[in-house]
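Structure, as structure tokens:
The values are calculated or read from the model by the stated rules, or taken from the named source; none is laboratory data. Keep in mind it's a predicted model, so treat the numbers as computed, not measured. Positions of Cβ are generated from backbone atoms using ideal geometry, with glycine treated the same way; all protein chains shown enter the neighbour counts.
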Amino acid sequence: MITSKQLADLIFPEVTKTIDDLEKLFPSRNLPQGAEVTRFAPSPTGFLHTGSLFTSMICQKLAKQTNGVFYIRLEDTDTKREIQGSGEKLLDEMKQFNLIPNEGYFGSYQKGNYGPYIQSQRSEIYKICIKYLLQQGLAYPCFCSSKDIEELRTVQEANKILPGYYGPYAKCRSLSLDEAYEKIKNKEPFVIRFKSSGNHNNKIKVDDLIHGTFSIAENDQDIVIYKSDGLPTYHFAHVCDDHFMHTTTVIRGEEWISSLPIHLQLFKAMNWQPPKYAHVPVIMKVDENGNKRKLSKRKDAEAAVSYFLDDGYPSEALIMYLMTIANSNFEEWIFEHDFKNMEEFEFSFSKMSLDGALFDINKLQFFAREILARKTKHEMLLMALDFANKHDQNLLYHINLNHEYFEEIMNIEREVEKPRKDYYKFGNMLDYIGFFYHDLYDVNIDINLFNQNIDKTIIKNVLLDLKKLDFSKPQNEWFEQMKEIASKHNFASSNKEYKQNKDMYVGQVGDVAEMLRITLCNRKNAPNLYCVMVVLGKNEVMRRIDKIVTLL
Ligand code: GLU
């Protein structure tokens, strides 16, 4: 009679180490009381999802505020879905949001005492653990083909039976050790399944830091823990890794809640204490039809973090915005702290909403405006350069014409008590500031913008007179001059005055300012006109007025 130990030895002859050896290799972490060990565990299957950014931000925050450890583990056991290079790309994107782990996978290298941090390099560890389960009779080899599994499902569905490989439907569970031994000796392909002791009619109570304590059906599926390619499935790898890496709180997407009974059962079978769990709500959006739905990789550009980076949103705005989704009290806090020192905010799971976090791009833009308005002109230059270098050659060309000039543009109504909030991203910056650059100004002239109700000759004469405006004087004096010129050409000095005596005037001083604005900026809305003139400088102001006068 074959024993379970003999079967385990036949399957894993090369495995001689034991769980005890692993425990010694990965001793408890020496951390202060209350320190949390968290991890971000992406699969290298594509881009950094906005939901993953949300989760990893919370992981980092919790570790930081408790003097703990935040690490990254690359979960690459699903080799079929792997996309080459996506691991490095994820790291690069995280870095741009300042999400830099304390240990773990860093692309070309790994750092820390609990590695390897790439699952495909941990196969020996998993094998030791699976061998242990086989020896204990808590796992068994399964020889069913995918066709067998499909047939089982068809029968179950036809008979309205809960589908899956469990209890009486777990065919290989009832194979004797001798039979299994024989099949393996005969080189029959197999996977290894966990022998669940559960019953789906039982309810178990589980704890979650966000969802609280709730009841859920016990697991009775004999899930695959070891695949025919020699790697474990997510379920088993998660349990082993979070045990040996000493994760204290597993923070992951809500889609994993339904697997929690499996994971708790696996921890129990291994005689390990499970970590705390926090299942983070899925990020939703309101779609075109007004319905709430999950941000979709296929349908929504904003599902990928790269969307915001490529368009030049300030990364801190996205992080700050995501924190408002994460904690309901954060928004008030950040206003009180003038949009600064976010790291001092105390994150708490209890302040997290349960009903799906709603993504609102307008709110993100609002945060971005607040943040960019608080930057200095030099910080704006550096951010713009960083963005333009990677994503916008046209912007880069114009900034590089003269850095000081760009800073002066950025400085218009910036370092004042109530700064302007024009900018929320760098991707559309040239739309706002293009007119400051002579080449872009010249190609965008549009004389149709002038008020059609005012005679062109009047506009011409006013503009020629406006050449006398002296903007080396303070703004109030400059404006008085403008009023004088306006009145000379029969424009009222205020809208009120104009309204009282419309017949007496051509228009009011605002119309004169608009003429000048269109002349200098090719548009009706622009930043403070006085500042625009100062930045453009006398020669360019004269050139533009002369040019427009000839075109009118
Ligand atoms: N690799 C899993 C995923 O990408 C990780 C889930 C977890 O954090 O445990 O969804």
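One residue stands out in the range 396-423 among those that are over 14 Å from Val535 (Cβ atoms) and of a type in the set (Phe, Trp, Tyr): the one that is surrounded by the fewest Cβ atoms within 10 Å (Cβ to Cβ), namely Tyr397.
All told, Glu82 meets the bar of being in contact (Cβ under 8 Å) with a residue 24 or more places away in the chain, over 20 Å from Phe308 (Cα atoms), within 14 Å of the ligand (Cβ to nearest atom) and surrounded by fewer than 24 Cβ atoms within 10 Å (Cβ to Cβ).
The set of residues from the range 178-208 being among the hydrophobic types (A, V, I, L, M, F, W, C) and within 19 Å of His235 (Cα to Cα) comprises Phe190, Val191, Ile192, Phe194, Ile204, Val206. Among the residues of the range 377-398, are any more than 23 Å from Glu254 (Cα to Cα) and part of a loop (DSSP other than H, G, I, E, B)? Yes; the residues of the range 377-398 include at least one that is more than 23 Å from Glu254 (Cα to Cα) and part of a loop (DSSP other than H, G, I, E, B).
One residue stands out in the range 69-79 among those that are more than 10 Å from the ligand (Cβ to nearest atom) and in contact with a helix residue (DSSP H, G or I) (Cβ under 6 Å, 6 or more places away or on another chain): the one that is farthest from Ser52 (Cα to Cα), namely Val69. If you scan the range 274-283, which residues turn out to be assigned to a loop (DSSP other than H, G, I, E, B) and at pLDDT below 95? Within the range 274-283, Pro281, Val282 qualify. Among residues of the range 26-68 being β-branched (Val, Ile, Thr) and within 13 Å of the ligand (Cβ to nearest atom), the one that is surrounded by the most Cβ atoms within 10 Å (Cβ to Cβ) is Thr38. Condition check: in a helix (DSSP H, G or I) and of a type outside the set (Lys, Arg). Does Tyr423 satisfy that? No; evaluated as a whole, the condition is false for this residue.
Within the range 386-401, restricting attention to residues that are over 22 Å from the mean Cα position of the chain (by Cα) and aliphatic (A, V, I, L, M), the residue that is farthest from Phe436 (Cα to Cα) is Leu396.
Restricting attention to the range 467-521, the residues that are out of contact with any Phe, Trp or Tyr (no Cβ under 8 Å at 6 or more places or on another chain) and not in a helix (DSSP H, G or I) total 9.
Among the residues of the range 177-211, those that are free of Cβ contacts under 8 Å to residues at least 12 places away in the same chain, surrounded by fewer than 12 Cβ atoms within 10 Å (Cβ to Cβ) and over 28 Å from Leu354 (Cβ atoms) comprise Asn186, Lys187.
In the range 37-48, the residues that are on the phi > 0 side of the Ramachandran plot reach residues that are more than 10 Å from the ligand (Cβ to nearest atom) with C-beta atoms within less than 8 angstrom, at least six apart or across chains, in these pairs: Gly46/Ile83; Gly46/Ser86; Gly46/Lys297. Where strands (runs of 3 or more DSSP E) sit wholly within the range 208-273, those with at least 3 residues that are more than 12 Å from the ligand (Cβ to nearest atom) and closer than 17 Å to Tyr126 by Cα occupy 224-226. Figure legend. Inter-residue proximity from the range 136-164: first residues exposed (fewer than 12 other Cβ atoms within 10 Å of the Cβ), second residues assigned to a loop (DSSP other than H, G, I, E, B), beta-carbon distance below 7 Å, spacing 6+ or different chains. Indicated pairs: Glu157/Pro163. Go through the residues of the range 324-337 one by one and say whether even a single one is closer than 19 Å to Ile283 by Cβ, free of Cβ contacts under 8 Å to residues at least 60 places away in the same chain and under 15 Å from the mean Cα position of the chain (by Cα). Scanning the range 324-337, I find at least one residue that is closer than 19 Å to Ile283 by Cβ, free of Cβ contacts under 8 Å to residues at least 60 places away in the same chain and under 15 Å from the mean Cα position of the chain (by Cα), so the answer is yes. Somewhere in the range 411-420, is a residue in contact (Cβ under 8 Å) with a residue 24 or more places away in the chain, touching a Pro at 6+ places or on another chain (Cβ under 9 Å) and at negative phi? The answer is yes, given that some residue of the range 411-420 is in contact (Cβ under 8 Å) with a residue 24 or more places away in the chain, touching a Pro at 6+ places or on another chain (Cβ under 9 Å) and at negative phi.
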